[in-house]
Amino acid sequence: MNPVGSHGYEHHPLLDTLVRDIASRGEGVLIAVTHELHSDGTVRIAHIRPASGVEWTTAADNIQAARP
């Protein structure tokens, strides 16, 4: 896991780069990775913005760098 800033955002190495969500096969720019507290522990959430501008979220473990 990467370091988390004081505002709860993870300093992910793929921030501001084109990524692919392996669950949905969608592609977009990784805008943020946040941490949500649940009864079972912390869940890492990736926030992705595609060219259409309609963002979606997925588990951070579901993202990988998109190939050009």
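The values are calculated or read from the model by the stated rules, or taken from the named source; none is laboratory data. What you see is a predicted model; the values in this text were computed from it and never measured. With ideal geometry, Cβ positions are generated from the backbone for all residues, glycine too; neighbour counts draw on all protein chains shown. The protein model used for the area step is the full one, side chains on, heavy atoms only, and it has no ligands, DNA or RNA in it. Shrake-Rupley method; radii C 1.70, N 1.55, O 1.52, S 1.80 Å.
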- Item | Residue match in the range 46-64 (condition: at pLDDT below 95 and in contact with an Asp or Glu (Cβ under 7 Å, 6 or more places away or on another chain)) | no
- Determine if the range 1-9 includes at least one residue that is at pLDDT 95 or above and either in a loop (DSSP other than H, G, I, E, B) or open to solvent by 30 Å² or more (accessible area, probe 1.4 Å) (or both). no
- Looking at the range 10-45, which of the residues that are of a type in the set (Ser, Thr, Tyr) and in a strand (DSSP E or B) is modelled with the lowest pLDDT? 42
- Item | Lone unmet requirement of (1) out of contact with any helix residue (DSSP H, G or I) (no Cβ under 8 Å at 6 or more places or on another chain); (2) β-branched (Val, Ile, Thr); (3) touching a residue at least 12 places away in the same chain (Cβ under 8 Å) for residue 54 | (3)
- From the set of residues in the range 30-61 that are among the polar types (S, T, N, Q) and either under 17 Å from residue 3 (Cα atoms) or over 8 Å from the mean Cα position of the chain (by Cα) (or both), which is most open to solvent (accessible area, probe 1.4 Å)? 39
